[in-house]
1. Given the criterion modelled with pLDDT of 95 or more, open to solvent by 50 Å² or more (accessible area, probe 1.4 Å) and more than 8 Å from chain B (Cβ to nearest Cβ), identify the matching residue among A:Leu153, A:Leu133.
2. Please work out if B:Thr192 is hydroxyl-bearing (Ser, Thr, Tyr), within 10 Å of chain A (Cβ to nearest Cβ), over 30 Å from B:Val517 (Cα atoms) and part of a loop (DSSP other than H, G, I, E, B).
3. Condition first: among the hydroxyl-bearing types (Ser, Thr, Tyr) and in a loop (DSSP other than H, G, I, E, B). Now tell me which residues in the range B:352-402 satisfy that.
4. With the condition kept exactly as written, say whether any residue in the range B:438-451 is touching a Phe, Trp or Tyr at 6+ places or on another chain (Cβ under 7 Å), charged (D, E, K, R) and open to solvent by less than 50 Å² (accessible area, probe 1.4 Å).
5. Tell me yes or no: at least one residue of the range B:459-466 is in a helix (DSSP H, G or I) and either within 14 Å of another protein chain (Cβ to nearest Cβ) or touching a residue at least 40 places away in the same chain (Cβ under 8 Å) (or both).
6. What number of residues within the range A:1-48 are assigned to a loop (DSSP other than H, G, I, E, B) and touching a Ser or Thr at 6+ places or on another chain (Cβ under 6 Å)?
7. Test B:Leu5 against the criterion of being surrounded by fewer than 18 Cβ atoms within 10 Å (Cβ to Cβ) and of a type in the set (A, V, I, L, M), and give yes or no.
8. Under 8 Å by Cβ, and 6 or more places apart or on different chains, what pairs join a residue from the range B:8-23 that is more than 14 Å from B:Ile257 (Cβ to Cβ) with one that is hydrophobic (A, V, I, L, M, F, W, C) and open to solvent by 50 Å² or more (accessible area, probe 1.4 Å)?
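The values are calculated or read from the model by the stated rules, or taken from the named source; none is laboratory data. Please read all numbers here as calculations on a predicted model, not as lab measurements. Note that we place each Cβ from the backbone using ideal geometry, even for glycine, and neighbour counts take in every protein chain shown. All accessible areas refer to the heavy atoms of the entire protein, side chains included, with ligands and DNA or RNA removed. Shrake-Rupley method; radii C 1.70, N 1.55, O 1.52, S 1.80 Å.
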Amino acid sequence: MKSFVIGIRLAIVTIAIVVVSYTALLLAVAGAIAPQTAQGSLLKNAEGIIVGSSLLAQKFTRPEYFWPRPSAVDYNASATGGSNKSPTSGDLTDRAAKTVAEYGATREKPLPAELAAASGGGMDPHITEAGALYQAARVAQARGAALAEVEALILKQSFASGGVFAPGRLVNVLELNLALDALKK
Amino acid sequence: MTAFLFVPLIVGGSALLSWPLGRYLKWAMDPEPGQAGLFDRLFRVFGGSFVGRQQGWKQYALSLLAFNVILFLVSFTLLALQQRLPINPDGKSALEGSLIFNTVASFVTNTNLQHYSGEVHLSYFSQLTLMWLQFVAPAVGLAALAAVARGAAGRREMGNFFLDLQRATFLVMLPACLIVGFIFVLGGMPMTLDGAVKATTLEGIEQVISRGPVAAFVAVKQLGTNGGGFFGPNSTHPFENPSFFTNMVSTVSIVVIPMACVWMFGRIVRRMRHAAVVFCVMLALMSARIATAVHYESAPTRAFAGLAVEQTTGNLEGKELRFGSAAGPLWAVVTTSTSNGSVNAMHDSLNPMTGLMPMIGMWLNEDFGGVGVGFVNMFVYIVLGVFVAGMMVGRTPEYLGRRVESHEVKLAVLALFAHSLFILAPAALFAATDWGVMALHNVGSHGFSEILYEFSSASANNGSGFEGLGDNNVPWNVATGLVMLLARFIPIILPLGIAGSLAVKKSAAESAGSLGVDNLTFGIMLFATILFIGALTFFPVAILGPVAEHLQFMR
C-alpha cells in the first residue's frame, strides 16, 4: 500500500520534471536558437505564403517541375507512411512499372532506382543528382529553357549528405523547383 | 566503399563512448557511501522517508509492480480523456478502447509498439503523456538491473526501488535527453506546440503539415530504448530524422546506454574482466547480424528486376536517401538488438534475409537489449551457461563465487521459456485463424513473417514492426498488449528472484577448481549457449518465414 502512495507521489514529481520542465526548456531553447527549423523548416514565397517545408516532399506532376520519389501516402504530410510492400511482392513491381512508363524510361536509359522506390515516410525531400539530371531534359523542354542552364542549376544545388560517407550527391526537390521558378523571373 | 566505413565507425564509437558512460551509470545508480548524498537527500524529499529503506528482492519487485500499475492507470486515464484535455491544437478525437489498452501497455513496458499513427490519432497532450512513459519505463529497467547486480554481488539488501527509479530518471535519462534533445534542435527537428500548418504547394495543392514537440520526444525515444515515434513512420519521417547527422546521433543514442549497462554491472559486482567478456559476446552477436544485414540489403530489390530501372543500387524501397546506403540495415539491427524498435527504414520492405536479422535480435533479446533489462536477460543466459558448463565438466557450477543450483536454473529456464512461448504460441494462433490472415499486407511466407515479427516485437518489448500488418483492431490490440505486459514483468521478476537467491548464499573463495567467468572459454561457452537455445527454439519459424521467402524469390 505504501508503495502505491509513493508511486503516486513520484508520478507527479516525474511529470513535473521530465515532461513539463524538460519540454518547456527545449521549447525555449529551440525558439531562441533555431526558430525557423523549430517551426518545421517552412518555406515562404515572395508573397509570404507558405509553400511547403524544405524537409518534406510535395507532389509534383507537371513536366516543368522536377518530380520527387514516389510516396505511398501521396505526399500527405498529416498522415505519413511507407508502402510496406515486400520486395517479393508483385504489387511493388506493378507500381514501379507505372512509374517507369510515366518517365518513359527504356533499357538503354534506365530510371535511377530511387525514382521508382517509395521512401519510408513517403516524404523524402531528396532525389539523387543522377535522378535530377535524368529529368533535366523534360524540365528544360517544358520550360523552354536551355538544358545546360537547368543542369548547371542541379549541379549547383546538389550536396553530399554525410560528406565522405555519402554514396553520391543529392538534390532537394522543392528547393530545386523554387530555384527554377526564380530563374524564370 | 567509404559509405560502408560508416558502420564500424558508429558501432566502435558507441562502444568507446559506453565506457565512460558505464562509469557514470555506476556513480548514478549505485554510489559508494557518501558519494551522492546530496541527490539521495533530494530523492528522499520527493519520495518520502521510505525511499531510504533497503529492500529485499521481493519487496523490490512489489514496489516495481506497484509503480507500474500507477503508470498504467494514470496514462490510461489521460489517453482515454484525450478529446477533453488541452494542448490539442489539431482537435484529435477520442481513441478506441482496445487501442488505448495496447498503447498504454506498450509504453509502460518500454515496448512502444504503435498500433496508432502519432500525427493522425494523438493530441500533443497524449504525445507528452507517452513521452513521460518513455522516461520512466527505461528507468524501471535500469533500476531492476541495479538490483540484480547488487544481488549478484552478494548484497542481501538489493537497494530501494523508488530511490533507484529516481536516480535513473533524473541522473541518467534526463541529462542524456537534454544533451541529445539540444543536438536534435540544432539538427533541424521541429520543436513547437503550434498545430499543423497549411501550405500551398508550387502546383497549387494544399498540403497540411503536421508538427509538434518532436525534438524532445525523439531524444528520449532513442536514449531509453523506447522507439515510439512521434509520427507514424518513425525515424524515416524527415521531421524525426532530418539529416545524415541526426541519423548518426540517433543510431549512437539507441545503443550507447544498453552498452554502458554492461560496464555498470561489472562495476557493481566488481568484476570488470567478466563484464568485458560478456560485452565482447554481445558485440560479436550484434556485429554478425549487422554484417549479414548490410550484405543482403546491398542487393537490388527483386521487385524491379526486368524493369527499365538501374540495378546497381541496393534496395531503396522504404528508405530515405539522406542517411546513405548502409544506414538502413545498420539501424534495423541496432534497434532490434537493443529493444528500441524505432526504424529509419521500413522493415516490411527489407530484403527477406535482411528482415530475418531484426527478428533474430528480438528472439535473443540480450545483445545489448533494452536499458537495464538487456543485461538482465543476459544474466539469465549467464546463469544457464554457467550451469551447463559446470555439468559438462562435472563441477559444481558457481557464479561470482556463489553456487548455482536447481532453484536458480529453474527460474532461468522459466524466463527463457516465457519469452519463446509468448512469441510462438500467439503467432501460431494468429497464423491459423482469420485474426492473422485477414490482417496481412503481403501474402505467402512474407505474410507469416509479418505475424511472427509482430509477436517477436511484442514479447521482446521492442516495438518495431512489419508495419504493413493491419494490427489496429481488437484481437491484435488485446493479444499483443497482454504479451507485452507478461513479457516485460516475468523476465524482470524471475532474475530478481535468482539474484535474491544467490545473494543469501555463502560465498566460496574461488579456487583453481572453479569455473572462471572472465576468460575466453567462458565467452565461447556463453556464445554457444545463446546460439543453441536461440536456434533450437526459433529455427523452424525462421525457415517458414524469411528463409522460405528468400529461397523462393531471391535466387
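1. A:Leu133
2. Judged against the criteria, B:Thr192 is a match.
3. Passing the criteria: only B:Thr396.
4. For the range B:438-451, residues touching a Phe, Trp or Tyr at 6+ places or on another chain (Cβ under 7 Å), charged (D, E, K, R) and open to solvent by less than 50 Å² (accessible area, probe 1.4 Å): present.
5. Yes, the range B:459-466 contains at least one residue that is in a helix (DSSP H, G or I) and either within 14 Å of another protein chain (Cβ to nearest Cβ) or touching a residue at least 40 places away in the same chain (Cβ under 8 Å) (or both).
6. 3
7. Yes.
8. B:Ile10/B:Met248
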